[in-house]
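Student: The structure's right below; bear with me while I get my questions together.
The values are calculated or read from the model by the stated rules, or taken from the named source; none is laboratory data. Keep in mind that what you see is a predicted model, and the values were worked out from it rather than measured. Every residue, glycine among them, receives a Cβ derived from its backbone with ideal geometry; neighbour counts consider all protein chains shown.
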Amino acid sequence: MGTPTGSSLPGATAEPAAPAELPAPAAAGAESGPARVALVGVHGFGVHHLRNLERLQGAGVVELVAVADPHPPASGSVPSSAAVFPGLDDLLAETQSLDVIIVATPIQTHAPLALAALAADADLYLEKPPVASLADFTRLGEAAAASGRSVQVGFQSLGSHALQAIEDLLAAGIIGSLQGISATGRWVRDKAYYKRSRWAGRRSINGIDVVDGVATNPLAHAVATALRIAGARTTADVASVETELYRANDIESDDTSIIRIRTAAGLPITCALTICATESVEPYVTLQGTLGTAVFHYTEDRLTIETAAGRSEQAYGRDDLTENLLAHRTRGTPLMSALPDSGAFMLVLEAVRTAPAPTLIDAGYVRWEGEGDTAHAIVVNIEDALERAGRQHATFSELGLPWATSAPTALTIPRSR
């Protein structure tokens, strides 16, 4: 398993802005006592899950009964009552009657671990991206349906209360008719980021898909959030996906890319993303309306609206996805990030997976800051390029950038007959 991918929302912003009301104990006949939970992957973003489970266990709604990771957990990070195993197979062989299994492991391990969890008759919390190919997504969906178990995907931003506020403002016509959506991500990642694990920055390992690109892992929430706001959840909600992938780092995958999507309803979504910025800025999704704009900083749950009437800004709370899964189990509360609702995102991942290898940006347009493993690449004038791409729904090559020598690659979207 190694170091988990998990979520890439940075720092404290990965956690809910305010803890939601904890689920009440299960009703008689549904479930008795706290939910028995196992966590697979206790490092990286698994640490967030450990802290969250500690909070939930203190509230009496879960019991962390076991964890699995080939690298032992840090001393004191796991309750003494929880058994520790090197892998999920060992955990399942020795642990009975699990209610929920949380998987926070490297991308390429998600599919086999998720299938094993469902076969154990447990509900599943699966970190993003759910799996590394559309074929695996279909296989996992079929397994979930056959098992009758629920699968929550770890796109934490989809628990934001701002999403309902955005839905309300669109229904009220506050920014007029929605013309398009853009997602903009400008982060900094240094050389050490790509040395943290053997899968970092890889498209595949020994023929096994990894797809660790800017749009599929570090800034995947930007893509998923834009799709959710556009109403694109399933594969049927997407008409087309185009990619234009680049890299400044010495890696296999993309670190600076454009993902251009058109929904089945005809709405354009352009995701302009890099981890080669001058400085890290909180990513945001922009709604472009005929009467104004709305900008959602999803890591902060902050929504800004600008129209001729003026500018307003408000921060919202966020529901924890683990709590939401528990409430789904006990009260039938709808899942906020159900597996089928990741279908639209998986088309984006499939487009990245099947696209030609990312184009190396000419060194003349890249500068480096820092020394050794702390050095990070900066694509010259990338901030302006991202803004223009999102505003015009254009790719880097269509903008005429001197280093953009590729052309957009379209995904052929499979349709059921």
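Student: For the range 214-316, which strands (runs of 3 or more DSSP E) that fit wholly inside it have 2 or more residues that are under 19 Å from the mean Cα position of the chain (by Cα)? Explain how you work it out, then say what you get.
Tutor: Working: elements: 238-247, 256-263, 268-274, 276-289, 292-297, 302-307, 310-315.
Here the list reads 238-247, 256-263, 268-274, 276-289, 292-297.
Student: So, of the residues in the range 115-143 that are in contact (Cβ under 8 Å) with a residue 12 or more places away in the chain and of a type in the set (Ser, Thr, Tyr), which turns out to be surrounded by the most Cβ atoms within 10 Å (Cβ to Cβ)? Full working, then the answer.
Tutor: Step one: list which residues in the range 115-143 are in contact (Cβ under 8 Å) with a residue 12 or more places away in the chain, which gives 115-134, 136-137, 139-141, 143.
The next check asks that each one be of a type in the set (Ser, Thr, Tyr); those that pass are 125, 133.
Working: Tyr125: 27, Ser133: 19.
Among those that are in contact (Cβ under 8 Å) with a residue 12 or more places away in the chain and of a type in the set (Ser, Thr, Tyr), it is Tyr125.
Student: Going through Thr354, Thr307, Thr359 one at a time, which residue ends up being in contact with a strand residue (DSSP E or B) (Cβ under 6 Å, 6 or more places away or on another chain), under 22 Å from Pro218 (Cα atoms), modelled with pLDDT of 95 or more and in the same structural domain as Val241 (by TED's automatic domain parsing)? Quick ask: steps written out before the conclusion?
Tutor: Numbers: Thr354 fails: in contact with a strand residue (DSSP E or B) (Cβ under 6 Å, 6 or more places away or on another chain); Thr307 fails: under 22 Å from Pro218 (Cα atoms).
Of the residues listed, the single one that is in contact with a strand residue (DSSP E or B) (Cβ under 6 Å, 6 or more places away or on another chain), under 22 Å from Pro218 (Cα atoms), modelled with pLDDT of 95 or more and in the same structural domain as Val241 (by TED's automatic domain parsing) is Thr359.
Student: Tally time: how many residues in the range 369-389 are surrounded by 14 or more Cβ atoms within 10 Å (Cβ to Cβ), in a helix (DSSP H, G or I) and in contact (Cβ under 8 Å) with a residue 12 or more places away in the chain?
Tutor: 6
Student: What number of residues within the range 32-68 satisfy the criterion of being of a type in the set (Gly, Ala, Ser), part of a loop (DSSP other than H, G, I, E, B) and surrounded by 14 or more Cβ atoms within 10 Å (Cβ to Cβ)? Let's see the steps before the verdict.
Tutor: Looking only at the range 32-68, we keep the residues that are of a type in the set (Gly, Ala, Ser), and these are 32-33, 35, 38, 41, 44, 46, 58-60, 66, 68.
From the residues that got through so far, the ones that are part of a loop (DSSP other than H, G, I, E, B) too are 32-33, 41, 44, 59-60.
Those left that are additionally surrounded by 14 or more Cβ atoms within 10 Å (Cβ to Cβ): 41, 44.
So the answer is 2.
Student: Which numbered condition in (1) under 26 Å from Gly141 (Cβ atoms); (2) buried (at least 24 other Cβ atoms within 10 Å of the Cβ) is the only one that Ala236 fails?
Tutor: (2)
Student: Within the set of pairs 6+ apart or on separate chains, which have a first residue in the range 58-74 that is of a type in the set (Asp, Glu), a second that is crowded, with 21+ Cβ neighbours inside 10 Å, and C-beta atoms under 7 Å apart?
Tutor: Glu63/Val37; Asp69/Met1; Asp69/Gly41; Asp69/Val42; Asp69/His43
Student: Here is a further query. Could you check how many residues of the range 144-192 are crowded, with 19+ Cβ neighbours inside 10 Å and free of Cβ contacts under 8 Å to residues at least 60 places away in the same chain?
Tutor: Final tally of qualifying residues: 1.
Student: Filter the range 400-411 for residues that are loosely packed, with under 15 Cβ neighbours inside 10 Å and more than 23 Å from the chain's Cα centre (by Cα) and give the result.
Tutor: Step one: of the range 400-411, the residues loosely packed, with under 15 Cβ neighbours inside 10 Å are 400, 402, 405, 407, 410.
Once the filter is applied, which keeps residues that are loosely packed, with under 15 Cβ neighbours inside 10 Å and more than 23 Å from the chain's Cα centre (by Cα), the range 400-411 yields Gly400, Pro402, Thr405, Ala407.
Student: Let me ask another. Do any residues in the range 392-416 that are touching a residue at least 12 places away in the same chain (Cβ under 8 Å) and outside the structural domain of Ser133 (by TED's automatic domain parsing) have Cβ atoms under 6 Å from those of residues that are surrounded by fewer than 19 Cβ atoms within 10 Å (Cβ to Cβ) and assigned to a helix (DSSP H, G or I), where the two are at least six apart or on different chains, and which pairs are they?
Tutor: As it stands, the answer is Leu399/Arg388; Trp403/Tyr365, since those pairs meet every condition given.
Student: So which strands (runs of 3 or more DSSP E) stay within the range 69-188 end to end and still have 2 or more residues that are in the same structural domain as Ala389 (by TED's automatic domain parsing)? Give the derivation first.
Tutor: Numbers: elements: 83-85, 100-103, 123-127, 151-154, 178-188.
The qualifying strands (runs of 3 or more DSSP E) are 178-188.
Student: May I pose another question? (1) at pLDDT 95 or above; (2) farther than 25 Å from Ser157 by Cα: which one isn't true of Ser77, the others all being true?
Tutor: The one condition Ser77 does not meet is (1).
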